[in-house]
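Working notes for the structure below.
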Amino acid sequence: MNLKKAQKTLMAVLNKKFGLDFEYSMVNGHLEAKNSITINGFDDDVYCQFRFYQDGLASYCFTFDKLEESGEVLRLLSEYNTNFRFFKAYLDDGYLRLDHVGYCVGDKELAEYTKGIMNEIISDKSKQYLRPLCNLTHS
């Protein structure tokens, strides 16, 4: 993946199409796109950190508010992961996090792939399993 082209593509998708204010930087040889977003129906701001590599690896990470580990939280994480396999939900240093990693994402696929990621995070099916977790989060 050409990272300069990738940045232009991502700016067209994330900043222009979705109207978000993503910032871009090169870090250790890969492209990072970062921003905090709001998802309708949730009171949490969601920190997005997307990473793109020359070999076609694309990593999309969404970090929600704090969430304490409990039996109920682990059950809800398992339910999310069982029923919505597009993202992996887990606790990361006391925060709710969703990740998706794509392999072999090339210049031609990047725009549609990123649109798909953004549409999946706000899909009704994702929200169905994400809402009970977000109801337990706090800042």
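Where a number appears in this text, it was derived from the coordinates with a stated rule and is not lab data. Predicted model only: the values in this text are computed from it and were never measured. Using ideal geometry, Cβ is built from the backbone for each residue, glycine included, and neighbour counts are taken over all protein chains shown.
What FRET efficiency, computed as 1/(1 + (r/R0)^6) with R0 = 22 Å and r the Cβ-Cβ distance, is obtained for L136 and V27, rounded to the nearest 0.05?
Details: r = 32 Å, r/R0 = 1.46.
Between L136 and V27 the formula returns 0.10.
Could you work out the longest stretch of the chain that avoids the GluC sites (Glu not before Pro) located in DSSP loops with at most 15 other Cβ atoms within 10 Å? Looking at the chain, 70-139 is the longest stretch - no exposed GluC sites (Glu not before Pro) with at most 15 other Cβ atoms within 10 Å. Net length available on complete extension from K8 to E120 is 38.1 nm, with 0.36 nm assigned per residue and the Cα-Cα distance removed.
The long axis of helix 124-134 is offset from the longest Cα principal axis of the chain by roughly 60 degrees. Electrostatic bookkeeping for S139 treats Lys and Arg as +1 and Asp and Glu as -1; over the other residues with beta carbon under 14 Å from its beta carbon, the sum is -4.
Shape class for the range 1-110: prolate, because the ratio a/c of the largest to smallest gyration tensor axis (alpha-carbon atoms, square roots of eigenvalues) is 1.5 or more and a/b beats b/c.
Tell me what the chain gives for mean residue ellipticity at 222 nm when only DSSP H runs of n ≥ 4 count, each as -39,500 (n - 2.57), the sum divided by the residue total, rounded to 500 deg cm²/dmol.
One gets -9500 deg cm²/dmol as the mean residue ellipticity at 222 nm.
Computed from Cα positions, the angle between helix 71-83 and the longest principal axis of the chain comes to roughly 50 degrees. Annotation note: trypsin sites (Lys or Arg not before Pro) in the range 8-108 located in DSSP loop regions with a Cβ neighbour count of at most 13 within 10 Å are R85, K108.
Hey, with R₀ at 22 Å, roughly what FRET efficiency would C104 and L74 work out to, going by the Cβ-Cβ distance, to 0.05? Numbers along the way, then the final one.
Numbers: r = 33 Å, r/R0 = 1.48.
Calculated transfer efficiency: 0.10.
Label zone of L20 (point 7 Å out along Cα→Cβ, amide N under 11 Å): in the range 29-52 this covers 33-39, 46-51.
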